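*Asks:* I am attaching a structure below and will ask some questions about it afterwards.
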Amino acid sequence: MDKIGWLINDCLTCIPGTKTIWHNLLEWLPGLIDKTGGYTDFGTLPKRIEDEVAREGNPDYVIRNSTFFRPMNIETKTISLLQDCYTGNQQQIDVANRSDVTVFNSPFTEAFFKGQITSRTEIISLGVDSDHFHKMDTDYREELGILPDSILFVGANNVHPKGFDLMLDIINNTNYNFCLVMKDGYSINHPRVKVFNKVNQDEIVKIYNSCKIVLCTSRIETLHLGGIEPAMCGLPIVATNVGVYYNVESGEWGRKASNVEEFKKEIEFVFNNYDSFNPRNYFITMGHDLNSSKNKWVKLIKDICG
């Protein structure tokens, strides 16, 4: 495909050494050019792009972040990626409605903006690298100091959106072992809890393979990569009704819960019926692997550019 596109965001990632959907789009779409400049503040980004268009002319299309900077005054096919749910953010909605296509990362995000977005919409999962995140033969529990049959939580120490208060209630009201993978320097002195902070992609896949179940206690999630990644490694999930689990029935991926007592009941159910779950198969079948995401993006660009 010989169409030229511009990828417009402040940067490709805020966490050095990690890959995001923006990196993937640059790999998947040969004509897509990175216009972040390494890093450009959202406050100056739209004007910089408008000036560049005035000098060089319009690309065939642009893919932009829908949330953090204003609509741009350029005449080209525009795809906005909307993956952040903020109540009352009119700029998000204005950007989406001035786009040719708004891409949501999940049905949950689409439902959050129901009735507000008038442009054409598509749902494309961000995608998880199912080759990297897979079930390993090696046991890393002893090396990592993870306790037997640990229940995994991936997130941050906050009530909103991650529901960490609910997570602590589950820890304190059960006798299970737990493994917390945090991004905020959190620590806890607890005999049944092992904590990791800010781990890289190679270490985290070892951690996933050393645990048994993953929990999502969040009050809001637009997708929940912290569940899909370990699910690709074979871990069943017990989750609230958010993100990728939104309005999905319990099944081979895992179970739904909303409070401490329900989580306790569903965790016990998963442990007692462990072999009946096949979360990796579910998430690949539902298109949450990178190849499925790539195919949908390539098809979308061909569709809008002709």
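*Asks:* Just add up the charged neighbours of Ser150: K/R +1, D/E -1, any other residue whose Cβ is under 10 Å from the Cβ of Ser150. Could you put the intermediate results ahead of the total?
*Replies:* Numbers: positive: Arg141, Arg192, Lys194, Lys212; negative: Asp149.
Neighbourhood net charge equals +3.
*Asks:* Also, quick follow-up: Tell me, what HN-Hα J-couplings in whole Hz come from the Karplus equation 6.51 cos²θ - 1.76 cosθ + 1.60 at θ = phi - 60° for each residue of the range 207-215, using x for Gly and Pro?
*Replies:* Once θ is set to phi - 60°, the couplings for the range 207-215 become 4, 3, 6, 9, 10, 10, 9, 10, 10 Hz.
*Asks:* Skipping prolines and chain starts, which residues have an amide H placed within reach, meaning under 5 Å, of the one on Lys183, given they are 5 or more residues away or on another chain?
*Replies:* HN-HN under 5 Å from Lys183: Gly155, Asn157, Lys198.
*Asks:* Further question: Which is the longest part of the chain that has none of the GluC sites (Glu not before Pro) sitting in a DSSP loop with at most 15 other Cβ atoms within 10 Å?
*Replies:* Details: sites that count: Glu75, Glu249, Glu252.
Excluding the exposed sites themselves, the longest stretch runs over 76-248.
*Asks:* Follow-up question, since we're still on this one. Can you tell me which of 96-107, 190-201 comes out highest on packing, and rank the rest after it, using the mean Cβ neighbours within 10 Å?
*Replies:* Numbers: 96-107: 20.8, 190-201: 14.2.
Per-residue mean Cβ counts within 10 Å order the peptides as 96-107, 190-201.
*Asks:* Further, regarding this structure: Give me a comma-separated list of calculated 3J(HN,Hα) values for the range 185-192, in order, Karplus coefficients 6.51, -1.76, 1.60 applied at θ = phi - 60°, integers in Hz, x for any Gly or Pro.
*Replies:* Karplus-based 3J(HN,Hα) across the range 185-192 equals x, 5, 9, 8, 9, 9, x, 10 Hz.
*Asks:* Enumerate the calculated ³J(HN,Hα) couplings along the range 196-204 in order (Karplus 6.51 cos²θ - 1.76 cosθ + 1.60, θ = phi - 60°), each rounded to whole Hz, writing x wherever the residue is Gly or Pro.
*Replies:* For the range 196-204, the Karplus-derived couplings read 10, 10, 6, 8, 7, 5, 6, 6, 5 Hz, x marking Gly and Pro.
*Asks:* Using Cβ counts within 10 Å as a stand-in for footprinting exposure, how do Val298, Val159, Val53, Val181 rank, fewest first? Mind showing how you got there, number by number?
*Replies:* Numbers: Val298 14, Val159 11, Val53 18, Val181 23.
Going from sparsest to densest Cβ surroundings: Val159, Val298, Val53, Val181.
*Asks:* Neighbour counts of other C-beta atoms within 10 Å: give me Tyr61, Tyr86 arranged from fewest to most.
*Replies:* Numbers: Tyr61 22, Tyr86 12.
Least crowded to most crowded, the residues run Tyr86, Tyr61.
*Asks:* For Asp289, what residues show an amide H to amide H distance below 5 Å, using hydrogens built from the backbone and excluding near sequence neighbours?
*Replies:* Excluding prolines and chain starts, which carry no amide H, the hits are Val128.
*Asks:* Collect residues whose amide H, placed 1.01 Å from N in the peptide plane, falls under 5 Å from the amide H of Leu32; neighbours closer than 5 in sequence don't count.
*Replies:* Gly5
*Asks:* Moving to a separate point now. Rounded to the nearest 500 deg cm²/dmol, what is the calculated helix-only ellipticity per residue at 222 nm for the chain, with -39500 (n - 2.57) per DSSP H run of length n ≥ 4?
*Replies:* Result for the chain, helices only: -9500 deg cm²/dmol.
*Asks:* Once each part is reduced to its C-alpha centroid, what is the distance from the range 22-36 to the range 244-301 in angstrom?
*Replies:* Comparing the Cα centres of the range 22-36 and the range 244-301, I get a distance of 29 Å.
*Asks:* Give the order of Ser276, Ser66 when sorted by the count of other beta carbons within 10 angstrom, beginning with the fewest. Don't skip to the answer; put the middle values down first.
*Replies:* Values: Ser276 11, Ser66 26.
Lowest count first: Ser276, Ser66.
*Asks:* For the range 141-285, what is the charge dipole size about the Cα centre, in debye to the nearest 20, if Lys and Arg each add +1 at the Cβ and Asp and Glu each add -1 at the Cβ?
*Replies:* Details: 14 positive and 17 negative charges, 34 e Å.
It works out to roughly 160 debye.
*Asks:* Which entries in the list Lys162/Lys296; Lys19/Lys135; Lys19/Lys294; Lys135/Lys256 go over 25 Å, if you measure between the two C-alpha atoms of each?
*Replies:* Numbers: Lys162/Lys296 29 Å; Lys19/Lys135 21 Å; Lys19/Lys294 15 Å; Lys135/Lys256 23 Å.
Listed pairs above 25 Å: Lys162/Lys296.
The numbers here are math on the coordinates, done by the rules we state, and not lab data. Remember, predicted model here, so these are calculated numbers, not experimental data. FYI the Cβ positions are ideal-geometry reconstructions off the backbone, even for glycines, and counts take in every protein chain you see.
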